[in-house]
Amino acid sequence: LSFGIGGSSPFRSRPADTFGAGWYYAGASSKLGPLLAGPRGFGDGQGVELFYKAEITPAFHLTLDLQVIDPARRTVDTALLVGLRANLRF
């Protein structure tokens, strides 16, 4: 299951910027889950992502991205990922 929303910047002074938010849920089936579980545990996973893409110039964009991931493997900690991406078009 997944859900997302995105659009143009809510700031009037930044009409070319975009944003987005998404969430996913990955449930383990009652038949497959026990086969994958083994002694370490396997369950449902989920995560959320937020991003904001800023137009610095028409040819240069910067995107800030934040993700929080709760993995299906129960022995793995929840992850927080922060990213910065640059896109230069020429």
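The values are calculated or read from the model by the stated rules, or taken from the named source; none is laboratory data. Remember, it's a predicted structure, so these values are computed and weren't measured experimentally. In this analysis, Cβ positions are derived from the backbone assuming ideal geometry, glycine residues included, and neighbour counts consider all displayed protein chains. Ligands, DNA and RNA are excluded from the accessible area calculation, which covers all protein heavy atoms including side chains. Shrake-Rupley method; radii C 1.70, N 1.55, O 1.52, S 1.80 Å.
The single condition among (1) on the phi < 0 side of the Ramachandran plot; (2) at pLDDT below 90 that G38 does not meet is (1). Look at segment 45-61: where a residue is more than 20 Å from L1 (Cβ to Cβ) and without any contact (Cβ under 8 Å) to a residue 24 or more places away in the chain, no partner that is among the hydrophobic types (A, V, I, L, M, F, W, C) and surrounded by 17 or more Cβ atoms within 10 Å (Cβ to Cβ) sits 6+ places away or on another chain with Cβ atoms under 7 Å.
Restricting attention to segment 71-81 and to residues that are open to solvent by 50 Å² or more (accessible area, probe 1.4 Å) and in a strand (DSSP E or B), the residue that is modelled with the lowest pLDDT turns out to be R73.
Selection of first residues in segment 2-20 that are more than 12 Å from L50 (Cα to Cα) and of second residues that are open to solvent by less than 100 Å² (accessible area, probe 1.4 Å) and at pLDDT below 95, restricted to Cβ pairs under 6 Å at least 6 apart or on distinct chains, gives the following pairs, ordered by first then second residue: D17/S9.
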